[in-house]
1. How big is the dipole moment of the range 202-266 about its Cα centre under a simple scheme where the beta carbon of each Lys and Arg is +1, that of each Asp and Glu is -1, and everything else is neutral? Debye, nearest 20, please.
2. Test of the criteria: in the range 191-280, which trypsin sites (Lys or Arg not before Pro) are in a DSSP loop and have at most 10 other Cβ atoms within 10 angstrom of their Cβ?
3. Which distance in Å, rounded to a whole number, links the C-alpha centroids of the range 57-119 and the range 186-208?
4. Tell me the Kirkwood hydrodynamic radius of the range 127-192 in angstroms, computed as one over the mean inverse distance between distinct C-alpha pairs.
5. Mind jotting down the three principal axis lengths of the range 77-157 based on Cα atoms? Whole angstrom, largest first.
6. For a test of the definition: using alpha carbon positions, the gyration tensor, and the 1.5 limit on a/c, classify the range 144-276 as rounded, prolate or oblate.
7. Using a simple spin-label model with points 7 Å from Cα along the Cα→Cβ vector, what separation in nm is obtained for K198 and H256?
8. Rounded to the nearest 0.05, what FRET efficiency do K164 and C65 give with R0 = 41 Å and r taken as the Cβ-Cβ distance? Could you check?
Amino acid sequence: MYRVQFETGPWYKQHGGEPFFPEIPVVFATGLAHRAIGRYDRWSHGARAPTGHRQLSLYELFPGCFMILYGVPLSPFVRKTLFMLYELDCEFDQKMTVPQDNYPAFRTVSPLGRIPALTDGDFSITDSSAICHYLATRQSSALMGHGEPQTLARVIAWDKYADKDLAPAAFGPLFECVIKPVRLGKSTDEAIVAIAIKEKLPPVFDHLQAGIDRSEGDWLLGARFSYADIALGAHMSSLVLANVPVDTARWPALAHWLERLHSRPAFARLCEQARSFRMP
Ligand SMILES: N[C@@H](CCC(=O)N[C@@H](CS)C(=O)NCC(=O)O)C(=O)O
């Protein structure tokens, strides 16, 4: 049905492309839509299919070999999992899926229709925190404190605070400045953004600032970057996307922590992905 043509690794090195999996050949196939997803986009720079052929991603060629993340980066919960996946340098495919999307593959892994959801071979799991804990354990990462009980407890407490307090406070700006224009094609209600900035965010920023002040290092839990920074950073990225700044004079420690987050490639990458996202 498909005509598949193999080219070997050095071919795309010669063409200036960065090898994705050098041992796996470049594949062109006819009759399939070009899918530019995640790292495949970068990988494909030097390896263009000849005219009349469409490129087929490795994810499509080898289903089951990659983790799949379901969700769009407009969701802060999806951004939390993206932050984790990028920090851990995991290979994964991302299926751009909106909440309550109805296609069977998604509903099988997320019966409630919520994003994010993740599959890894036969295993599937929903909920951003559960996904992040799964990934950290899978990759033997120290981001959860490496089994150190007090660090793990603090990480969980910050994660809950991020979802239960920061997320609702940031929701107004996210919905008005990002979701409405990008997903619904509607304009921003500035009054709602102003209420969030004046009333909802300040007590949350005070609490975050106090937490950062208590830390003896650059990150929430000390010198080592942890999942606490990821969980809070994911929801702070909603404010970054909505162009709501942190007042440096009032919350200097929080503002500097956010600057440090921006210097992490994983955070910069997820912000860029969310900023450039358009509804298909
Ligand atoms: N606790 C969940 C919350 C996920 C969530 O509420 N996602 C929203 C999108 S931001 C959703 O899918 N909502 C659809 C619904 O609840 O029906 C998590 O951390 O993943």
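1. Values: 5 positive and 7 negative charges, 26 e Å.
Roughly 120 debye for the range 202-266.
2. Working: sites: K198, K200, R214, R224, R250, R260, R269, R275, R278; in loops: R224, R250, R278.
Here the trypsin sites (Lys or Arg not before Pro) that fit, given the DSSP loop and packing criteria, are R278.
3. 29
4. Details: mean 1/r = 0.0708 Å⁻¹.
The answer is 14.1 Å.
5. 41, 25, 22
6. Working: a/c = 1.93, a/b = 1.64, b/c = 1.18.
Since a/c reaches 1.5 and a/b is larger than b/c, the shape of the range 144-276 is classed as prolate.
7. 3.1
8. On the way: r = 36 Å, r/R0 = 0.89.
About 0.65, to the nearest 0.05.
Read-outs: derived from the displayed coordinates by stated rules, not from any lab. The shown structure was predicted, so the numbers you read here are calculated from the model rather than taken from an experiment. No Cβ is skipped: glycine too gets one built from the backbone with ideal geometry, and neighbour counts run over all protein chains shown.
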